[in-house]
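Contents: one structure, followed by commentary.
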Amino acid sequence: MARMFGTNGVRGVVNEDMTAALALQIGKAIGTVMNGRVAIATDTRLSADMLRTAVAAGLMAVGCDVVNLGVVPTPALQYFVRMHPDISCGVMITASHNPPEFNGIKVIAADGTEASREQEAAVEEAYGRELPSVVWDKVGSNSDLAGAGDAYVEAVASKVDVAAIRAAGLTVVLDCTNGAAYYTSPLLLKRLGVRAITLNGNPQGEFPGHLSEPIEENLGELKAMVRDTGAALGIAHDGDADRCVFVDGRGRFVAGDKSLAVLARYLAQDSPGGTVVTPVATSALVEDVVRAAGGNVVYTAVGSPIVARTMMTDGAIFGGEENGGLIFPGHQYCRDGAMSLAKMLECIVRVGPLAEQLDKLPQYFTEKRKVKCPDGLKGALMQYFDVRTEGIRKDRTDGIKLLFDNGWVLARPSGTEPIFRIYAESKDGRTAAELADKYERLVNEFLQSAPAEAGA
């Protein structure tokens with residue numbers, strides 16, 4: 001059967017692609033493959049309970065006991081799974097940054113990492129079969145368990161210098177996007193002795209404040225509030241709070257590459273020779289600052305499970321993606337929004353205001369474009385792009401990365417949406433824009449000439 005799992009789980013529009021029947025069968029497939037006791041949690045989306053109960057019914061139908069943690073961030077579920085040996089896996093009901101009509105199902109392995117591609121493939125294979133249910137007296141149980149968010153917050157706080165953060169007397173503005181962090185991140189800031197001005201802090205799954213993706217165009221209110229209050233930092237999560245992006249004390253949005261670079265430099269200075277892992281889509285800025293601090297960078301394909309597993313293999317000190325998904329191996333091998341905000345606070349207290357740290361970074365210009373592209377055309381588009389760029393030096397770690405003396409271009413299909421991404425970077429802003437324009441035109445040339453039925 002066709003691959004179901006994208007870069008981050010199975011996602012779709014509710015009651016169109018993502019239905020209760022699909023969730024029920026995925027629950028049966030997960031239970032058949034993973035077995036044992038399963039923890040399940042959700043973000044705040046309006047369809048969360050429908051899909052959670054459908055997945056839980058499928059799990060119980062094949063004999064798995066289900067523990068419902070309620071609404072918690074994805075990394076809180078991951079921490080719970082890792083810390084409870086009696087739990088065989090976790091299931092997170094979330095579509096992360098996607099619009100409110102979407103929802104999804106993500107599988108968490110027993111060690112708290114996102115399921116491996118091999119585990120996902122096994123679930124996909126099982127999904128396509130007629131899966132037998134257990135006899136009536138072997139049906140799994142369902143129980144609710146409170147406190148997973150509190151335990152997660154305490155674990156995060158234990159990994160930073162709480163005394164130093166408390167002594168600094170900081171004020172921050174926190175935008176929870178009305179998502180899964182609405183309880184845990186304010187609680188963490190209280191635990192750290194930080195005064196928090198909170199925006200979008202109610203669990204409203206239609207995301208009425210702004211869409212759940214923490215990009216600059218959605219964070220105008222956060223930027224203004226930081227400037228108006230003189231806060232040291234602005235903090236914003238995505239819907240399931242495995243990511244975190246920042247606004248500096250001057251009210252400037254901080255691109256994910258730059259926050260990754262700031263924290264990578266901070267951690268590399270404490271661990272000379274350490275390895276930082278990041279996807280090929282990340283700015284060369286990160287490698288510049290890590291190497292200057294005596295560390296090295298390993299590049300991977302896009303996707304936090306790939307980054308996390310490479311970190312485990314290479315013994316990395318830090319890793320993350322350019323979208324605000326940061327991984328701290330001293331805590332756990334997964335993207336963690338709360339750990340990111342805590343560690344950034346520690347970095348500010350020890351090194352200096354974020355705005356000043358950003359001003360000292362080497363300057364790069366990055367253009368990020370996305371073009372609507374049906375899933376059925378993505379493979380042919382990649383072949384077309386490869387042929388049309390013959391003779392240019394390439395990195396094929398993920399998609400096709402064109403390497404030039406004055407910058408680079410990355411072309412790759414999204415694993416979660418029907419879009420095609422083009423990233424371009426250079427130390428010169430005009431060059432970056434020209435590279436992005438040129439290769440976006442190339443992508444559009446193909447899509448305009450492709451038969452409509454080919455993408456169906």
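No lab work stands behind these numbers, since they all come straight from the coordinates. Remember, predicted model here, so these are calculated numbers, not experimental data. Positions of Cβ are backbone-derived with ideal geometry, glycine not excepted, and every protein chain shown enters the neighbour counts.
From the cross-link list 378/401; 258/401; 368/394; 401/427; 28/378, which pairs have alpha carbons spaced over 25 Å apart? List each step's numbers first, then the result.
Values: 378/401 16 Å; 258/401 20 Å; 368/394 19 Å; 401/427 17 Å; 28/378 30 Å.
Going by Cα-Cα distance, 28/378 fall outside the 25 Å limit.
From the residues 22, 214, 61, which one has its Cα farthest along the dipole of the chain in the positive direction, the dipole being from +1 and -1 charges on Cβ of Lys/Arg and Asp/Glu about the Cα centre?
214
What's the exposure ranking of 138, 368, going from fewest to most Cβ atoms within 10 Å? Numbers along the way, then the final one.
Details: 138 11, 368 15.
Fewest-to-most Cβ neighbours within 10 Å comes out as 138, 368.
List the relative contact order of the range 10-146 as a percent without decimals, with contacts defined as Cα pairs under 8 Å and 6+ residues apart. Don't skip to the end; give the middle numbers.
On the way: 286 pairs, mean separation 44.6, N = 137.
Computed value for the range 10-146: 33 percent relative contact order.
Can you figure out the FRET efficiency of residue 444 with residue 121, using R₀ = 35 Å and their beta-carbon distance, to the nearest 0.05? List each step's numbers first, then the result.
Working: r = 33 Å, r/R0 = 0.95.
Efficiency for this residue pair is about 0.55.
Working out 0.36 nm times the residue gap between residue 211 and residue 145, then minus their Cα-Cα distance, what length gain in nm do you get to one decimal? Mind showing how you got there, number by number?
Numbers: separation 66, 0.36 × 66 = 23.76 nm, distance 2.95 nm.
Between residue 211 and residue 145, full extension yields an extra 20.8 nm.
Might you report the magnitude of the Cβ-based charge dipole of the range 152-200 about its Cα centre, with Lys and Arg at +1 and Asp and Glu at -1, to the nearest 20 debye? Intermediate values should be presented prior to the final figure.
Numbers: 5 positive and 3 negative charges, 25 e Å.
For this selection, approximately 120 debye.
For the range 190-290, what class follows from the C-alpha gyration tensor (a ≥ b ≥ c being the square roots of its eigenvalues): rounded when a/c is under 1.5, otherwise prolate if a/b is larger than b/c, else oblate?
Values: a/c = 2.00, a/b = 1.66, b/c = 1.21.
Prolate, because a/c is 1.5 or more and a/b exceeds b/c.
Relative contact order (percent) for the chain, with alpha-carbon contacts under 8 angstrom and 6 or more residues of separation?
Working: 1028 pairs, mean separation 56.9, N = 456.
Rounded, it is 12 percent for the chain.
Which value, in debye to the nearest 20, describes the size of the charge dipole of the range 10-146 about its Cα centre when Lys and Arg Cβ atoms bear +1, Asp and Glu Cβ atoms bear -1, and nothing else is charged? Mind dumping the intermediate values first?
On the way: 10 positive and 16 negative charges, 26 e Å.
The calculation lands at about 120 debye.
Assign one of three labels to the range 6-154, namely rounded, prolate or oblate, based on the Cα gyration tensor with a ≥ b ≥ c the square roots of its eigenvalues; rounded applies when a/c is under 1.5, prolate when it is not and a/b is larger than b/c, and oblate otherwise.
Rounded shape, in that the Cα axes give a/c under 1.5.
Where the only charges are on Cβ atoms (+1 Lys, Arg; -1 Asp, Glu), what is the dipole of the chain about its Cα centre, to the nearest 20 debye? It would help to have the intermediate numbers written out before the result.
Working: 45 positive and 56 negative charges, 131 e Å.
Computed charge dipole of the chain: roughly 640 debye.
If we count every other residue with Cβ under 15 angstrom of residue 348's Cβ, Lys/Arg +1 and Asp/Glu -1, where does the sum land? Show your work: numbers first, answer last.
On the way: positive: 166, 195, 250, 252, 258, 265, 343, 350, 360; negative: 161, 248, 346, 356, 359.
Result for the neighbourhood of residue 348: +4.
Mind sorting 419, 40 by how few other Cβ atoms lie within 10 Å of their own Cβ, fewest first? The partial results should precede the final answer.
Values: 419 15, 40 26.
Fewest-to-most Cβ neighbours within 10 Å comes out as 419, 40.
What distance in nm separates the two pseudo spin-label positions at residue 13 and residue 129, each 7 Å out from Cα along the beta-carbon direction?
Those two pseudo-labels are separated by 3.4 nm.
For the range 365-455, what class follows from the C-alpha gyration tensor (a ≥ b ≥ c being the square roots of its eigenvalues): rounded when a/c is under 1.5, otherwise prolate if a/b is larger than b/c, else oblate? All intermediate terms of the calculation are to be shown ahead of the outcome.
Working: a/c = 1.91, a/b = 1.69, b/c = 1.13.
Because a/c hits 1.5 or more and a/b exceeds b/c, the range 365-455 counts as prolate.
Using the 10 angstrom Cβ neighbour count as an exposure proxy, how do 143, 185 rank, fewest first?
Taking fewest neighbouring Cβ atoms as first place, the list is 143, 185.
Could you pull out which residues in the range 92-108 have an amide N less than 17 Å from a spot 7 Å beyond the Cα of residue 20, following the Cα-Cβ vector?
It comes to 103-104, nothing else.
Per-residue ellipticity at 222 nm for the chain, helices alone: DSSP H runs ≥ 4 residues times -39500 (n - 2.57), over residue total, nearest 500 deg cm²/dmol?
On the way: 15 runs with 173 residues, N = 456.
Helices in the chain give a 222 nm mean residue ellipticity of -11500 deg cm²/dmol.
Would you please state the base-10 log of I(q)/I(0) at q = 0.17 1/Å for the range 95-155, with intensities from the Debye formula using one equal scatterer on every alpha carbon?
-1.07
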